[in-house]
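Report on the structure given below.
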Amino acid sequence: AGIDVSESPVTPSQLAELLNFVLDGTISAKTAKELFQEFWSQGSSTPPGRSVSVPTPQLPLGARGDTQVFQSIALLIESRGLKQISDAGAIEKLIDEVLAANSKSVEEFRAGKEKAFNALVGQCMRATKGKANPQQVNEILRRRLAG
């Protein structure tokens, strides 16, 4: 943006909090990027420990409108339902359902068609509206298909 880092609309603590949520699997990198863009576009340089003013949870990322104050990015993530699904049991159940409903893709994958695997991953992500942890989906799905 051609500005000095000290003029950044995203504070170091906001950036660190976003990165920590990616590292611990709470949100995806894609979600963190969207939140970062939103904070950047709002020009909010909220000091650490202060409230962050963001659009209401009903509005999509980047939308303008009435604002609601959140005490932290954690509350923002929770209120918008942005948390990633990382519960292995829930993902396993979902994968079992996707495999049962997509037997043709399973057969194609076992016949050596790697694109069929990607189609199954897509079905899993679609079923969770993109909220499942993609690494876990890939790992569990490969394990299920090998067994």
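Sort out which residues of region 17-58 are farther than 24 Å from residue 87 by Cα and at pLDDT 75 or above, and write them in order of number.
36, 37, 38, 39, 40, 41, 42
Among residues belonging to region 119-147 that are out of contact with any Cys (no Cβ under 7 Å at 6 or more places or on another chain) and not in a helix (DSSP H, G or I), point out the one that is surrounded by the fewest Cβ atoms within 10 Å (Cβ to Cβ).
Residue satisfying both the conditions and the ranking: 147.
Out of the residues in region 77-102 that are within 13 Å of the chain's Cα centre (by Cα) and part of a helix (DSSP H, G or I), state the one that is surrounded by the fewest Cβ atoms within 10 Å (Cβ to Cβ).
Looking at the filtered set, the residue picked out is 78.
Would you mind finding the one in 111, 116 that is open to solvent by 60 Å² or more (accessible area, probe 1.4 Å), within 25 Å of residue 139 (Cα to Cα), at pLDDT 90 or above and aliphatic (A, V, I, L, M)?
Every option except 111 fails the conditions.
Do you know which residues across region 22-42 are open to solvent by less than 70 Å² (accessible area, probe 1.4 Å) and closer than 16 Å to residue 132 by Cβ?
If the condition is that a residue be open to solvent by less than 70 Å² (accessible area, probe 1.4 Å) and closer than 16 Å to residue 132 by Cβ, then 22, 25, 26, 27, 28, 29, 31 are the ones that fit.
The values are calculated or read from the model by the stated rules, or taken from the named source; none is laboratory data. Not measured: the values here are computed from a predicted model. Glycine gets a Cβ as well: all are built from the backbone with ideal geometry, and neighbour counts include every protein chain shown. The accessibility values were calculated without ligands, DNA or RNA, using every heavy atom of the protein model including side chains. Shrake-Rupley method; radii C 1.70, N 1.55, O 1.52, S 1.80 Å.
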